[in-house]
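Input: a single structure, listed below in structure tokens.
Each reported figure results from applying straightforward, stated rules to the coordinates on display, with no laboratory input. Just so we're clear, the structure is a prediction, and the values are computed from it rather than from any experiment. FYI the Cβ positions are ideal-geometry reconstructions off the backbone, even for glycines, and counts take in every protein chain you see.
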Amino acid sequence: MNCTLLCALLLAISSSVFAEEMGQFAKYDIRVEGNAKFHDLWNLSSDELDTVSIEERNMNLVLRLYDERDPERIDGYFTKPLHLRDLSTGQDETVNSIKEFDVQWAKAFEQKKLTVNEIFGGIDHVLVYWTWHAIHNKGSWHDIPVTNKEVAVPGITLYKITDNKISSIVQSSDNLHLLESLKK
């Protein structure tokens, strides 16, 4: 599996993986850039959700997922089954393959940060343009020894929303940029 499904689901699942493996939650710095409305959407209370559009409610769901740290609550964001598609490889992924990927990622990189550059909401879809930031200072990655280089991996994720839950995630990230950044 290559470096693709690094956005919300990976971020959320990694919290529970690290909690199980290390007895604590992974700490992520999530910075929202761009439209100031993101901040308002991120912090809507359950009462306020009743007063906003379906598009804003869907965007709030995705933004809350990015910030979730309780492994017991992660499953509450998704329908069963959850469809995960990696456009870079053309393969369907499983939650377990994402957990496995995240463990490997954590062995090679630290100081993760996810920046939401832009978010667009529709009646049953949310599109997020994001950038994942990390430092390659812990271990090898795809046979590349530690470089101590900072990397920024841009990507997009399309979420399908069904009955106020995420039912499908289709994602792509710039894996070539990551590998080129590490080899420079």
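For segment 71-146, which trypsin sites (Lys or Arg not before Pro) pass both filters: DSSP loop (anything but H, G, I, E, B) and at most 16 other C-beta atoms within 10 Å?
Loop-located and lightly packed - Lys138.
How do Trp130, Trp42 rank when sorted from fewest to most other Cβ atoms within 10 Å of their own Cβ?
Trp42, Trp130
Want the number for Asp92 to Asp163: 0.36 nm per residue separation, take away the alpha-carbon distance, what's left?
Between Asp92 and Asp163, full extension yields an extra 23.3 nm.
Is segment 85-184 rounded, prolate or oblate when judged by the Cα gyration tensor, a ≥ b ≥ c being the square roots of its eigenvalues, rounded requiring a/c under 1.5 and prolate requiring a/b larger than b/c?
prolate
For the pairs Lys80/Lys183; Lys80/Lys138; Lys160/Lys183; Lys80/Lys149; Lys113/Lys183; Lys138/Lys160, flag any whose C-alpha to C-alpha distance is greater than 30 Å.
Long pairs (Cα-Cα over 30 Å): Lys80/Lys183; Lys80/Lys138; Lys160/Lys183; Lys80/Lys149; Lys138/Lys160.
Net charge near Leu87: determine it from the other residues with C-beta under 13 Å of the C-beta of Leu87, scoring Lys and Arg +1 and Asp and Glu -1.
Local net charge: -3.
Can you sort Thr131, Thr162 so the residue with the fewest Cβ neighbours within 10 Å comes first?
Thr162, Thr131
By how many nm would the segment from His83 to Asp47 grow when fully extended, if each residue of separation counts as 0.36 nm and the alpha-carbon distance is taken off?
Between His83 and Asp47, full extension yields an extra 10.0 nm.
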